[in-house]
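Remarks on the structure that follows.
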Amino acid sequence: MNSERLKYYEFFAGVGMARTGLGDSWQCLFANDSDQLKRQSYLNNWVGEVFDPRDVAEVETTDLDGMADLAWASFPCQDLSQAGSKAGIGEADDVSVTRSGAVWPFLRIIRGLAKEGRHPVLLALENVVGLLSANGGNDFRSLCGALSEIGYRFGAIVADASHFVPQSRPRVFIVAVRREVTIPTAVQSDLPQAHWHPKSLLRAYAGLSVEDAAGWIWWSPGTPPPKRNFELEDIIDLSDEADWNADEATQRLISMMSASHLNRLAAAKAEARPMIGSLYLRMRPGGGGRNVQRAEIAFGATLGCLRTPKGGASRPRIIVVENGRVRTRLLSVAEAALLMGLDEDFVLPETYQDCFRLIGDGVVPAIVRFLADRLLEPLANHAKVLASATLDRKELA
């Protein structure tokens with residue numbers, strides 16, 4: 001095993017959650033994000049590091065030092081998520097159409113590095129699972145076609161944060177490797193695996209061209225962790241000192257529930273233990289051609305996916321039922337940070353809205369660490385061994 005630190009570029013870096021997951025065994029050569037709030041939070045956590053604040057479309061290969069083992073890109077999801085516009089990633093030659101289309105300038109940079117012979121051995125692209133079906137699957141096909149054209153083989157997995165933290169947060173991770181690098185058998189399988197390759201991914205794969213499907217790899221990172229390190233009851237503050245809504249406000253939320261959600265509430269009251277659930281405000285058909293706002297609840301071992309807030313209705317709320325008593329409130333910043341798996345000393349902005357904007361856009365570091373341990377590091381170190389052996393042969397010749 002090569003003891004030298006692996007090197008990477010981090011595009012769309014946000015507050016550095018991918019960096020948190022990769023850890024000290026990786027050296028960041030370049031970090032970029034055009035969002036001013038994210039840039040400041042990143043620098044608050046990674047003091048003294050260089051951060052490029054420009055739009056990715058303004059970045060050139062000359063801005064990137066050295067040769068990285070990995071380029072990580074958690075590109076914008078706003079046009080791919082269920083809560084977004086669903087406009088997709090647009091076309092490679094028209095990046096102004098959507099925010100998620102920022103993936104095309106990223107790939108332009110990778111293509112330029114390939115022409116210089118210094119493109120990373122590995123690429124990791126992360127986004128919401130809506131990427132697999134956006135525009136009838138055309139977006140995923142276009143992305144895979146671009147990777148193939150640049151000179152990469154690739155595959156994807158869908159990993160849910162719920163394997164690591166008590167938050168339901170499924171994401172698709174496309175991992176690409178330079179075509180000339182052989183793939184160790186330990187990190188791939190001949191067939192898809194239920195843990196990582198759900199039906200949505202199988203449908204996306206089935207839509208690939210024959211040429212692109214020939215470069216597909218069924219990545220095999222092994223089985224998910226058997227249990228999480230902590231559960232909801234470990235991080236949710238159930239004390240009376242928490243910022244609970246007044247009883248009148250809670251009753252108003254209950255009055256906004258449909259019959260099915262009132263039944264869920266009744267079932268929770270019948271439990272002999274504290275029940276912690278997510279509470280959402282959503283517009284639903286109310287008859288007569290108009291929509292009404294409903295309070296919807298879900299109890300379970302995980303809370304719903306934390307999202308970037310856009311107005312009061314989308315703010316993350318919880319409902320707690322204990323000894324027949326019902327309490328509601330906003331999820332606190334500290335609780336949200338723990339749901340992402342961030343350490344208590346991770347620096348976040350002072351305002352509630354800013355904190356949740358950063359948290360909602362982030363990737364769970366524990367997933368990044370898992371993928372680094374199971375896929376990225378074995379592949380990068382394998383490629384280094386191959387490169388060293390090739391260099392030795394040339395020197396002997």
Over the stretch 348-364, the set of residues within 12 Å of the chain's Cα centre (by Cα) and in a loop (DSSP other than H, G, I, E, B) is Asp361, Gly362, Val363, Val364
Out of (1) small (Gly, Ala, Ser); (2) modelled with pLDDT of 95 or more; (3) not in a helix (DSSP H, G or I), what's the single condition that is false for Ser85? (2)
Report, by residue number, each residue of the stretch 23-53 that is of a type in the set (D, E, K, R) and either over 21 Å from the mean Cα position of the chain (by Cα) or under 21 Å from Gly66 (Cβ atoms) (or both). Asp24, Asp33, Glu49, Asp52
Do the conditions hold for Gly136, that is, is it assigned to a helix (DSSP H, G or I), surrounded by fewer than 18 Cβ atoms within 10 Å (Cβ to Cβ) and touching a residue at least 12 places away in the same chain (Cβ under 8 Å)? no
Name the single residue that is farthest from Val165 (Cα to Cα) among those in the stretch 281-326 being in a loop (DSSP other than H, G, I, E, B) and of a type in the set (Ser, Thr, Tyr). Thr308
Only one of (1) at pLDDT below 95; (2) open to solvent by less than 20 Å² (accessible area, probe 1.4 Å); (3) not acidic (Asp, Glu) is not met by Gly48, so which one is it? (2)
Which condition breaks for Ser142 when tested against (1) out of contact with any Cys (no Cβ under 7 Å at 6 or more places or on another chain); (2) modelled with pLDDT of 90 or more; (3) polar (S, T, N, Q); (4) under 26 Å from Met17 (Cβ atoms)? (4)
Restricted to the stretch 232-254 and to residues being of a type outside the set (A, V, I, L, M, F, W, C) and within 27 Å of Ala161 (Cα to Cα), the residue surrounded by the most Cβ atoms within 10 Å (Cβ to Cβ) is Asp237
Restrict the check to the stretch 369-383 and report whether at least one residue is closer than 30 Å to Pro120 by Cα, modelled with pLDDT under 95 and under 15 Å from the mean Cα position of the chain (by Cα). no
Helices (runs of 4 or more DSSP H) lying entirely in the stretch 198-253 (those with 3 or more residues that are closer than 19 Å to Ser168 by Cβ and at pLDDT 95 or above): 199-206, 232-235
Tell me, please, whether a residue that is under 21 Å from the mean Cα position of the chain (by Cα) and open to solvent by less than 20 Å² (accessible area, probe 1.4 Å) can be found in the stretch 264-281. yes
Log entry, pairs with first residue in the stretch 253-264 being touching a residue at least 40 places away in the same chain (Cβ under 8 Å), second being loosely packed, with under 15 Cβ neighbours inside 10 Å, beta carbons closer than 9 Å, six or more apart or on different chains, reads Ile254/Leu262
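The values are calculated or read from the model by the stated rules, or taken from the named source; none is laboratory data. All values derive from a computational prediction rather than experimental measurement. Glycine also receives a Cβ, built like all others from the backbone with ideal geometry; neighbour counts cover every protein chain displayed. Ligands, DNA and RNA are stripped out before the accessible areas are found, and what is left, the full protein with its side chains, is counted by its heavy atoms. Shrake-Rupley method; radii C 1.70, N 1.55, O 1.52, S 1.80 Å.
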